[in-house]
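For reference, the structure discussed in these notes is given below.
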Amino acid sequence: MRVRRRVDPDATLPETAFVCDDCRPEVVDLTRHWEPNTEACGFCDRAADETGEVALESVVDDRIVSQGTYRLCRGCEDVFATFLADVHAGVDLPASWTHTPSAAGAVFDRDEGDLRVETTAPTDPEPRLRLLDASESVLEAVPRGPPRERAREFVAAFEAFYPAEVAPLGAAVVDGHPGLRRPEYSSVCNCPHT
């Protein structure tokens, strides 16, 4: 999903968002009856003086199998933003992981092995998400939005492809997530990331 234009500049729609296979049916159900490329709102079909514009693509095995550009009125932008937030908050923690909430920061531990994902406190001015293997830092990421929710999404995506080599996959998950980015400077490798 890519937001090309918003009616409400304060709308909580992310500029770009990706939805996994498990969440895709919910998005398809919501958008199935949207009308693309109309002057009215593609969701509620009401005429609107101003509409935002959202582009959706469905990708299977690196092939685009469907795509469309839809206009959304101010009210429907808010509905869609709430829907996307609910989809992200509903990410289930894989059975092989446990979660220990804390005001100082959440901790996610993998039952087998020594993998752990830690977050800083939600109020931290420089929030971080860290992947550790046997207490050694493998990578850091800067979350956009609540660190605990980004950590849940990271854990779910990471576990879906769990490999023998954790660092390359961890980096790929961070690079592919719109709510995570690598820090400007990494204390892990003491080098700037480009």
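Going by the structure shown, is PRO146 more than 16 Å from the chain's Cα centre (by Cα) and closer than 22 Å to PRO178 by Cβ?
Answer is no for this residue.
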Query raised in the report: How many residues are closer than 21 Å to PRO125 by Cβ and either modelled with pLDDT of 85 or more or not charged (D, E, K, R) (or both) if we restrict to region 165-191?
Result: 10
Requested in this report: Would you tally the residues in region 24-42 being loosely packed, with under 13 Cβ neighbours inside 10 Å, within 14 Å of THR69 (Cα to Cα) and among the acidic types (Asp, Glu)?
Outcome: 1
Query raised in the report: Does ASP29 count as assigned to a helix (DSSP H, G or I), more than 15 Å from the chain's Cα centre (by Cα) and not hydrophobic (A, V, I, L, M, F, W, C)?
Result: yes
Query raised in the report: Quick one: what pairs do we get from region 94-118, first residue in contact (Cβ under 8 Å) with a residue 40 or more places away in the chain, second open to solvent by 90 Å² or more (accessible area, probe 1.4 Å) and not β-branched (Val, Ile, Thr), C-beta under 6 Å, 6+ apart or different chains?
Result: SER96/ASP111; ALA106/ARG148
Report summary line: How many residues of region 121-139 are crowded, with 19+ Cβ neighbours inside 10 Å and more than 18 Å from TRP97 (Cα to Cα)? The answer is 2
Query raised in the report: Restricting region 163-184 to residues that are hydrophobic (A, V, I, L, M, F, W, C) and over 14 Å from the mean Cα position of the chain (by Cα), which is most open to solvent (accessible area, probe 1.4 Å)?
Result: ALA164
Report task. Would you check which residues across region 32-54 are of a type in the set (Gly, Ala, Ser) and not in a strand (DSSP E or B) and list them? Result -> ALA40, GLY42, ALA47, ALA48
**Report entry** Total residues in region 79-113, condition open to solvent by 60 Å² or more (accessible area, probe 1.4 Å) and either among the β-branched types (Val, Ile, Thr) or modelled with pLDDT of 85 or more (or both)
**Finding:** 6
Query raised in the report: If PRO178 satisfies every condition in (1) assigned to a strand (DSSP E or B); (2) closer than 25 Å to LEU13 by Cβ but one, which is the exception?
Result: (1)
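The values are calculated or read from the model by the stated rules, or taken from the named source; none is laboratory data. All values derive from a computational prediction rather than experimental measurement. Positions of Cβ are backbone-derived with ideal geometry, glycine not excepted, and every protein chain shown enters the neighbour counts. Note: areas computed on protein heavy atoms with side chains; ligands, DNA, RNA excluded. Shrake-Rupley method; radii C 1.70, N 1.55, O 1.52, S 1.80 Å.
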